[in-house]
Amino acid sequence: MLKFYYARNSCALASHIALEEAAAPYEAIRIDFASAEQRGPDYLKINPKGRVPSLQTERGILTETPAILAFVAQSFPAAKLAPVDDPFTFGRIQAFNSYLCSTVHVAHAHGGRGYRWADEETSFADMKRKVPQTMRECFTLIENGMLEGPWVCGDAYTICDPYLFTISGWLARDQVDIAEFPKVNAHAEAMNKRPAVQRALQAQQT
């Protein structure tokens, strides 16, 4: 059985939803960031990066959201979470998820984790002030050129959708109104109606 390590209110929600969508057999294990469990010796043996998500498989441990999402899609093809037999379209999915991971998530993280990039408190404040602008710019690009609708890839629901849903859920914290982006807002509303999404959200709050 897979072992899935996550923390509340983190990007791990995307992988959690995908596991539910795939009806994968897994055990969910919460890592408590409030007590810095992610930096404790037990968890660092699982993921030396000290971050979530992590997915323990029969062949070893996977980290990083795009990698875990791709693994779930390829391991459970019956769920049709990605066109695993179409290299170009699968590459486009990976490109979208890589953008969320490498650019959008990083823009968000500048608001609360400035210490990753600077040491001076004044630098932290400057980075935090910039977050609404950079997140708005990222989501303008998603709204106008990347989100086909109703799902990211058009009519086909894929592993892009739980990832976009997860990160778009951070917009309010970043002082950006999701209503500025009608397609992204409609996407979030549609996601909230999916049973797998509700199961993952409930599991993370209990």
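Inside segment 26-60, can you point out the residues that are among the aliphatic types (A, V, I, L, M) and in contact (Cβ under 8 Å) with a residue 40 or more places away in the chain? Within segment 26-60, Ala28, Ile46, Val52, Leu55 meet the criteria. Restricting the search to helices (runs of 4 or more DSSP H) fully inside segment 113-206 and requiring at least 1 residues that are without any contact (Cβ under 8 Å) to a residue 24 or more places away in the chain, small (Gly, Ala, Ser) and not assigned by TED's automatic domain parsing to the domain that holds Cys11 gives 121-141, 182-192. Against the criterion of being modelled with pLDDT of 95 or more, surrounded by fewer than 12 Cβ atoms within 10 Å (Cβ to Cβ) and either touching a strand residue (DSSP E or B) at 6+ places or on another chain (Cβ under 6 Å) or outside the structural domain of Gly145 (by TED's automatic domain parsing) (or both), Glu64 does not qualify.
Against the numbered list (1) in contact with a Cys (Cβ under 7 Å, 6 or more places away or on another chain); (2) β-branched (Val, Ile, Thr); (3) not assigned by TED's automatic domain parsing to the domain that holds Asp161, Val72 comes up short only at (1).
Taking first residues from segment 1-25 that are assigned by TED's automatic domain parsing to the domain that holds Ser35 and partners that are among the basic types (Lys, Arg), the Cβ contacts under 6 Å between residues at least 6 apart in sequence or on separate chains come to Glu20/Arg199. A single member of Phe76, Phe96, Phe88 is out of contact with any helix residue (DSSP H, G or I) (no Cβ under 8 Å at 6 or more places or on another chain) and within 24 Å of Ala196 (Cα to Cα), and it is Phe76.
The values are calculated or read from the model by the stated rules, or taken from the named source; none is laboratory data. Note that the coordinates shown come from a computational prediction; the quantities given were computed from them, not determined experimentally. Please note: Cβ atoms are built from the backbone with ideal geometry, for glycine as well, and neighbour counts cover all protein chains shown.
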